[in-house]
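The structure under discussion appears below in the form of structure tokens.
The values are calculated or read from the model by the stated rules, or taken from the named source; none is laboratory data. Everything numeric here is computed off the predicted structure, so don't read it as measured data. Cβ placement follows ideal geometry from the backbone for every residue including glycine, while neighbour counts extend to all protein chains displayed.
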């Protein structure tokens, strides 16, 4: 597969997923660090993760899928060679 110079696409959530992520993040910050941030602040933290950190996970997932598919295609190719008639 060719690699273009394009950045990973921006990962977007459905409104429901975003609400759940905001609630989870807000709860985590309160429980773990005793930070009580408002909705706007928590949304900024989530936006930071979405823009700066999530693409690294996205790219890793793409890499892992490519490796898995390569192995699978090699296995299929091997299976096809074994069916060839002499």
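Looking across the range 1-23, the residues that are surrounded by fewer than 10 Cβ atoms within 10 Å (Cβ to Cβ) and at pLDDT 95 or above come down to 14, 15, 16. Scanning the range 24-43 for residues that are free of Cβ contacts under 8 Å to residues at least 12 places away in the same chain and surrounded by 12 or more Cβ atoms within 10 Å (Cβ to Cβ) returns 24, 28, 30, 35, 37, 41.
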